[in-house]
1. What list of ³J(HN,Hα) values in whole Hz, one per residue of the range 260-273 in order, does the Karplus curve 6.51 cos²θ - 1.76 cosθ + 1.60 (θ = phi - 60°) give from phi, with Gly and Pro shown as x?
2. Please list, ordered by chain and number, the residues whose modelled amide H lies under 5 Å from the amide H of F201; skip anything fewer than 5 residues away on the same chain.
3. Given points 7 Å out from each Cα along the Cα-Cβ axis, report the E77 to K138 separation in nanometres with one decimal.
4. Applying 1/(1 + (r/R0)^6) with R0 = 35 Å to the Cβ-Cβ distance of L193 and Y119, what FRET efficiency is obtained, to the nearest 0.05?
5. Picking from S159, Q149, S52, whose Cα lies most toward the positive end of the charge dipole for the chain (charges on Cβ: Lys, Arg +1; Asp, Glu -1)?
6. Just flag the trypsin sites (Lys or Arg not before Pro) in the range 33-102 sitting in loop per DSSP whose Cβ has no more than 12 other Cβ atoms within 10 Å.
7. Show me the chymotrypsin sites (Phe, Trp or Tyr not before Pro) within the range 174-278 that DSSP assigns to loop and that have at most 14 other Cβ atoms within 10 Å of their Cβ.
8. Taking H as built 1.01 Å from N, whose amide H comes closer than 5 Å to the amide H of V70, not counting residues under 5 places away?
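Taken together, the values in this text are just the output of simple stated rules run on the coordinates, not laboratory data. This is a predicted model, so every value here is computed, not measured. Ideal geometry is used to build each Cβ from the backbone, glycine not excepted, and the neighbour counts take in all protein chains shown.
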Amino acid sequence: MSTKWLRHFLKGNIRNIHTNIKNTSKNEMPTASILVIGDEILKGDVPDTNSSFLAKELHRLGLKLKKISVIADDVTEITEEVKIFSNQYDYVITTGGIGPTHDDVTYEGVALAFDVPLYLHPELKAICTKFYCTKDPKDAGMKLAFIPQSSKLNFQTVSGGRLSYPNVSIENVYMFPGIPELLKKTFLEVGPLLFRSPKRFYSKHFFCKLPEHEIVAELQKVVDEFPDVQFGSYPKMYHNIYKVKVTIESCCEETTLQAYSRLMELMPTSAVVNIDDI
């Protein structure tokens, strides 16, 4: 098979590839991935707080976050990563690379991933004209008006209001700003409308004053008894009250409570620290 023919085949069928995204059953928990875009993150110049925020919010909304990737402000890297993520997960959330400067190339990379051109959206043109005081399509401020063709503009907020600049999405890819304050504001206003799940996580936790290796047997027994429950054991160094935090979580509240109660039965006497949170 010639490479020329293969390139032609892939170009002609890329749309079909993206339409075969995994269809999650109505009773299954949707999967999500986060793509953090920014040279400043990779260099360590700016801490990545966006991933932590998004992970907590997606978990709260009942989505199962499967992967977080950090890449450079590079069109090719964005394109390739979006292709992979959009086919593997129900939702892809990007942060960063949206703005008027030379390194804001997220829209371009995503457009290439779906084999569509960038185009000047009339509604976004009006927004940019007002904000940047320009009508010139070549002006830097107008860069925010060029988005992947067939994109959707998500203006509506949970309160019934309207964003001044929308979240832009195409198929299952949702592009958010990289500035933490803007990301949080935008996600909290539109996230619950965009990312839905038929299920929620139910969790319990407790603190143990014994070191982790002394409760392995008890923990393993409950892990075996409750295969649908996720258990976590997190040691704490140099704490004067507890040594391990144990978490119990599942998509069924009753099952979570049963697993928690069973583990409490098995724990050594006086091993659990009687506190609500630390």
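1. Couplings: 4, 4, 5, 5, 4, 5, 8, 5, x, 4, 6, 7, 8, 7 Hz.
2. G62
3. Computed distance between label sites E77 and K138 equals 3.0 nm.
4. Here the calculated transfer efficiency is 0.90.
5. So the residue furthest toward the plus end is Q149.
6. Hits after loop and neighbour filter: K43.
7. Y238
8. V36
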